[in-house]
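Accompanying notes for the structure given below.
Each reported figure results from applying straightforward, stated rules to the coordinates on display, with no laboratory input. Since this is a predicted model, take the numbers as computed values, not measurements. In this analysis, Cβ positions are derived from the backbone assuming ideal geometry, glycine residues included, and neighbour counts consider all displayed protein chains.
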Amino acid sequence: MARLITQVVYTGGSRDGQEESYSYDAGGNRLSKVNHNGTTSYEYSSDNRLLKTTAPQGVTNYVYDGGGNMITKTGPVNTFHYQYNSRNLLIGYQDSNNNVSYLYNGAGHRVAKTVNNVTTRYINHINFGLPQVAFETDDKYVVKRYYSYGLGRTAAYDWGALDKDKSQYYLYDRPGRNVTATEDSLGKTRNRYKYGSFGENFSSQESYSNDFRYTGEQTESDTGLIYLRARYYDPEIGRFISRDPFSGYMSVPESQNMYAYAHNNPLKFVDPSGECVETLWDAANVIYDIGKISYGYLNNNQHAVSSGYSDLGADLFALVIPGLPAGVTKV
């Protein structure tokens, strides 16, 4: 299995000094990360739980519950606490500044998040294969923001304020990948983002609140985690904070590591479900299908809707079958 071992970042055709290299053990656990800050080393248990990282900034220790969920992360400055329900879904997080709680529906989809007593509720699209946020409301279900979709998530609008200053349009580095900037309706750049390959925040400039960043998924500034539906991903360590509910494939050894992200090859793979790695080609085809369905509904084109759902079903099937490419219904 090909794993990412070196990353070099270029800006405007020139190297900008952001270079990282990685090493791994036979089980797919990252052993070291080397960059301009120095070397970070990683230690694990026999069942691939990250136990300790040693970085130039200091040592961080990790503790898990009996279900394999990370419950404390103690670093040189702060301690982070995590709580889970009986389905191993994250329901609580605390640090010295934030107290966060989460609520899910019966299908396991996140429907609310409360940060320091301020609640945001999520009304999700459920016809796109994976749930996608359609509306964000306050605790009394008053809509605050809604999202439009075409070839993926295209724009966010603040409810009742549809003017040039209250809408933002997403720019991606490639389909199914990272949000690199947002623009307002006049084409003025509002936000800019630069990432490491595993989603680390290299730099960001924001004048408009936005949660959708690395791989187009919800990135939480208060917890540092990325919500990937079944689980939460920590880009700082390049791993999930809980075990994969999917046991993997015997024919794909890298999938037997229950914590590793995207087979340690995030330039080729993504994991929007938190359960099953897919290639960027697969993700791009699913995004295309969602755009086709959205176009059909907006233009009252039943053929586009029907064929979009047909393609989406085939492409979602391809996501869970290793070696079967998506897009076969389009040729």
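Quick rundown of the values:
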quantity: Whole-Hz ³J(HN,Hα) from phi, Karplus 6.51 cos²θ - 1.76 cosθ + 1.60, for segment 66-72, glycine and proline x; calculated: x, x, x, 8, 5, 10, 9
quantity: Filtered chymotrypsin sites (Phe, Trp or Tyr not before Pro), segment 70-153: DSSP coil and at most 10 other beta carbons within 10 Å; calculated: Tyr141
quantity: Fewest-first sequence of His36, His125 by Cβ atoms within 10 Å of each Cβ; calculated: His36, His125
quantity: Table column - 3J(HN,Hα) (Hz), segment 134-149, Karplus curve with 6.51, -1.76, 1.60, x for Gly and Pro; calculated: 9, 9, 10, 10, 7, 5, 9, 6, 7, 5, 10, 7, 9, 10, 10, 10
quantity: Proxy reagent accessibility, fewest Cβ within 10 Å first, across Tyr44, Tyr259; calculated: Tyr44, Tyr259
quantity: Distance from segment 166-202 to segment 57-91 (C-alpha centre basis), Å; calculated: 30 Å
quantity: Gyration tensor verdict on segment 23-93 (Cα atoms; rounded if a/c is under 1.5, prolate if a/b is larger than b/c, oblate otherwise); calculated: oblate
quantity: Electrostatic dipole magnitude of segment 175-232 [Cβ: Lys, Arg +1; Asp, Glu -1; Cα centre; debye, to 20]; calculated: 200 debye
quantity: Protection proxy ranking of 239-247, 183-191 - average other beta-carbon atoms within 10 Å, highest first; calculated: 239-247, 183-191
